[in-house]
1. Starting from the Cα of B:Arg44, step 7 Å along the direction of its Cβ; do the same at A:Leu198; then give the gap between the two resulting points in nm.
2. Rank A:Tyr192, A:Tyr176, A:Tyr59 by mean-square fluctuation in a GNM of chain A with C-alpha springs under 10 angstrom and give only the top-ranked residue.
3. Would you work out if chain B is rounded, prolate or oblate? Take a ≥ b ≥ c from the square roots of the eigenvalues of the alpha-carbon gyration tensor; rounded if a/c is under 1.5, else prolate when a/b is larger than b/c, oblate otherwise.
4. Of the residues A:Asp125, A:Asp182, A:Asp15, which exhibits the maximal mean-square fluctuation in a Gaussian network model of chain A defined by a 10 Å Cα contact cut-off?
5. Quick check: pseudo-label points 7 Å beyond the Cα along Cα→Cβ at B:Ala117 and B:Thr72, how many nm apart are they?
6. May I ask you to work out the translational diffusion coefficient for the protein assembly as shown at 4 °C, viscosity 1.567 mPa s, via Stokes-Einstein with Rh from the Kirkwood sum over Cα pairs, reported in whole µm²/s?
7. Let me make sure I get this right: for the range A:22-210, a, b and c are the square roots of the gyration tensor eigenvalues over alpha carbons, sorted descending. Under 1.5 in a/c it's rounded, otherwise prolate if a/b > b/c, else oblate. Which is it?
8. Please list the helices of chain B that count as membrane-span-like by this rule: a mean Kyte-Doolittle hydropathy of at least -1.0 together with Cα atoms stretching 27 Å or more along the helix axis, each helix being a complete DSSP H run.
Amino acid sequence: MRTDDLIDLLSTHVDPVDRHKVSRSILVAVGLGAVAAVALVFLMFGARQDLGHADAHAYIGAKLAFSVAVVALSSVYLGRLARPGGERRVSLLVVALPFIAVMALAGLALATAPPSHWDDAVMGDRWLECLVSIPLIAVVPFAATMWAVRQHMPTDLRRAGALAGLLAGGLSATGYALHCMDDSVPFVAVWYGATIVLCAAAGALLGPKLLRW
Amino acid sequence: MHPIESELKALMVASLAGDARAHRDLLRKLSGYLRGYYRGRLTRMGRGVSEAEDLVQEALMAIHVGRHTYDTAELLTPWVHAIARYKLLDFLRRTRVSATNVALDYAEEVVAVDDSASTESALDLGRLLTTLPARMREAIQMVKIDGLSVAEAATRSGASESAIKVNIHRGLKALSAAISRERTP
């Protein structure tokens with residue numbers, strides 16, 4: 001095939017291009033992932049019993065602030081990584097900010113608490129449930145975020161995969177927070193933090209396979 | 001700003017708005033730079049000219065199919081360079097040459113050499129088209145090769161205009177993927 005023939009083929013009847021396609025597909029993935037995560041949490045566990053109480057709102061709000069920050073930052077960055085060369089516009093430090101903040105707060109909480117409470121504060125009642133649930137609930141959001149990135153042309157597949165995993169983990173944690181009764185900041189820092197990072201690691205591993213074009 | 005950058009970017013912005021002539025101009029100009037880029041790198045590795053032409057066509061396909069991923073707030077050259085380099089590394093991976101042999105390069109290098117001496121690639125468009133589902137193949141044949149308008153193609157095939165457009169888009173995307181697969185040894 002001659003290159004000029006290919007160019008002729010490609011430039012016959014050119015339609016205007018939808019410039020918001022990248023951000024829209026990621027928004028759709030976030031929406032789908034959030035609905036799937038919340039629905040799964042309600043089906044598996046039901047909402048926490050005191051969801052109607054004002055006290056609970058403060059606790060849930062703090063957890064949501066962390067997971068929603070992860071979701072917001074990773075969706076913005078995923079919108080960049082889905083484009084060729086977008087990896088130049090991504091800073092690892094910024095992505096890590098919510099994790100650094102929650103760890104700092106956890107450190108502060110532990111420092112001001114008597115050491116006898118540390119065990120309770122870090123392990124909570126249900127660390128194992130959290131450890132299993134967040135990655136499990138993240139499966140559908142993960143499929144959604146990967147599907148979104150696959151429609152575009154990431155050139156750093158590992159990083160794009162990691163961010164898609166991070167976003168899925170953040171969405172899953174947001175859903176799980178509506179059920180989880182462990183409200184201490186150290187618990188959130190350790191178990192939410194670790195499981196979300198695990199999702200990102202899975203994404204980094206699968207990215208080069210799933211995102212090739 | 002690099003003069004080539006502003007020229008190419010203006011063409012790209014017009015092409016994104018649906019200007020077919022600007023789109024053709026852009027692809028023509030880019031094909032020259034891409035040829036220079038690939039020939040330079042492949043000959044250094046002892047590869048042939050026709051492989052460079054294959055890569056030029058693969059990159060042009062990707063640029064066309066994925067032009068929605070260009071953010072007009074950014075420079076165009078780094079975007080083109082990222083695609084060109086991705087395709088180069090992908091090619092080397094498929095042909096089992098270690099990527100460590102590829103020197104680091106910078107965005108401007110993708111427009112450093114303009115080489116208009118095109119050759120024929122090993123790709124056979126007619127044969128590749130037969131690998132596509134019939135709906136897509138017919139839509140591409142009617143609009144992109146026979147030059148019918150989308151409306152004419154819709155009447156002739158009994159499909160809606162939007163179905164024709166979707167089939168062309170999906171077909172070109174599938175074609176682009178088929179080309180990459182084709183060249184896997």
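None of the figures in this text is laboratory data; all of them are computed from the coordinates on show. Note that this is a predicted model, so its numbers are computed, not measured. Here Cβ is always computed from backbone atoms with ideal geometry, including for glycine, and neighbour counts include all displayed protein chains.
1. Calculated label separation equals 4.5 nm.
2. A:Tyr59
3. Numbers: a/c = 2.25, a/b = 1.40, b/c = 1.61.
Taking the square roots of the gyration eigenvalues as a ≥ b ≥ c, chain B is oblate.
4. Of A:Asp125, A:Asp182, A:Asp15, the Gaussian network model singles out A:Asp15 as fluctuating most.
5. Here the modelled spin labels are 3.8 nm apart.
6. The diffusion coefficient I find is 56 µm²/s.
7. Working: a/c = 2.22, a/b = 1.61, b/c = 1.38.
Verdict is prolate for the range A:22-210.
8. Working: long enough: B:20-44 (36 Å, -1.04); B:161-182 (31 Å, -0.04).
Helix filter hits for chain B: B:161-182.
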